[in-house]
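Please treat every number below as a calculation from the coordinates, not as lab data. For clarity, every value in this text was computed on a predicted model and none was experimentally measured. Cβ: placed from backbone, ideal geometry, glycine included. Neighbour counts: every protein chain shown.
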Amino acid sequence: MQAIPGLRAESYAPHALHGADREWAETNCYVDLWIELLHALGREPRAALGFTVTQDFEGDQFTFFKFPFEDLRALYGAHVLELAVYDDLAAHIERQIAQGRIVLVEMDAFHLPDTRGVSYGVEHSKTTIGINRIDRTGRSLSYFHNAGYFDLAGDDYDALFPAMSNGLPLFPYCEMVKLEPANDEDPRASARALLRGHLARRPRANPVAAFAAALPAQTEALIGRDPAAFHKYAFNTLRQLGANFELLASHLDWLDDASLAPARAGAHEIAVGAKTLQFQLARAVSRRKPQGLETMAAPLADAWSRVMTHLDASLG
């Protein structure tokens, strides 16, 4: 039983946004999942990436960016609703899939085989998967996660769906995706209108400059801690910043408007610069010398200002 029929994990080809040529081949679990889900539905995920201009620095992290539900519905007819779980979780999922709906579920990556070498069997961490197929009798399912589409079965299935007699300490947060007729208008015109709206809601102050100012003290706090602390900090700061702006660059490229080229170049500069700064941050923590990082981050703040200036000029 599959919501999107015909998909096979062994032959699934990810979207180009997850290609090996990317600076940030993965972004965050929710955005990556939606990129592949839209791709599997035959819809272009680059159309919905205008929201990335709204990313802010939240004091200790960059905004954990996600596709706005209203954009998904406007562009693709994808209506996301919370799925109330009050009984057997697998039965709820099966019922929704039978109606052609993908179910998004927060799961423990400890039991997800696609995270082998990172979390699988190593570390408990919360992540969201999109379940397209479930076989309760055969104890298996197929799911979207990160940059692809995968299968799991057997003990992993049992760990994610413990017997009802054992129960779950808390039901996981779940959403269902109901597909309505997609917008038949010019997708680029619709995406451009959404981008203009998001641009009006962007941060008033430069978030990359705010991050640069906070970076020395935050780096000082990482010194002497275990490597896991560094990786979690880098994921929620530089990876979110770099991946966000690489997606913005892809969105502007897809809009196919020459006037947006300077903004696209600036967004790509941030994507590349964030990756370089992540290496510099790791070196600073290792050497216990956080001095100079604010200066290293300054070009990224300048690029952010240029991106927004060019977008204002091009989009009015």
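Across the Cα atoms of the chain, what radius of gyration and what greatest pairwise Cα-Cα distance (Dmax) are found, in Å?
20.6, 62
If the label point is 7 Å along Cα→Cβ of Thr295, which residues in region 205-243 have backbone nitrogen under 19 Å from it?
209-220
For region 187-315, with only Lys/Arg (+1) and Asp/Glu (-1) charged at the beta-carbon, what is the dipole magnitude about the Cα centre, in debye rounded to 20?
Details: 16 positive and 10 negative charges, 63 e Å.
Magnitude of the dipole: close to 300 debye.
Let me spell out the model: positive unit charges on the Cβ of Lys and Arg, negative unit charges on the Cβ of Asp and Glu, origin at the Cα centre of the chain. What dipole size does that give, in debye rounded to 20?
On the way: 30 positive and 40 negative charges, 147 e Å.
Dipole magnitude for the chain comes out near 700 debye.
Going 7 Å from the Cα of Ala221 toward and past its Cβ, which residues in region 242-263 have a backbone nitrogen under 20 Å from where you end up?
The answer is 242.
Excluding residues fewer than 8 places away in the same chain, name every one of the aspartates and glutamates whose C-alpha is closer than 16 Å to that of Lys289.
List returned: Glu220.
Are there DSSP H segments in the chain that both extend 15 Å or more along their axis (alpha-carbon positions) and score a mean Kyte-Doolittle hydropathy of at least -0.5? List them, or say none.
The answer, listed by residue number, is 29-40, 187-199, 207-222, 240-255, 261-287, 293-315.
Distances longer than 17 Å among the Cα atoms of region 187-315: what percent of all pairs is that? Spell out each step's value before the answer.
Details: 4825 of 8256 pairs.
That tail contains 58 percent of the Cα-Cα pairs.
Skipping prolines and chain starts, which residues have an amide H placed within reach, meaning under 5 Å, of the one on Met107, given they are 5 or more residues away or on another chain?
Thr127, Thr128, Ile129
For labels at Glu10 and Ala214 in the simple 7 Å Cα→Cβ model, what's the distance in nm?
Taking the two extended label points, one gets 4.7 nm.
Using label points projected 7 Å from each Cα along Cα→Cβ, tell me how many nm separate Asp253 and Phe279, to one decimal.
Placing both labels 7 Å along Cα→Cβ, they lie 2.1 nm apart.
List residues of region 254-275, by number, whose backbone nitrogen lies under 14 Å from a label position 7 Å along Cα→C-beta of Glu185.
none
Using just the helices of the chain, give the 222 nm mean residue ellipticity in deg cm²/dmol: DSSP H runs with n ≥ 4 each add -39,500 (n - 2.57), and the total is spread over all residues, rounded to 500.
Values: 10 runs with 139 residues, N = 316.
My calculation for the chain gives -14000 deg cm²/dmol from helical runs alone.
Just to be sure I understand the model, the point goes 7 Å from the Cα along the line to the Cβ. What's the resulting Ser125 to Arg95 distance in nm?
The two pseudo-label positions are separated by 3.3 nm.
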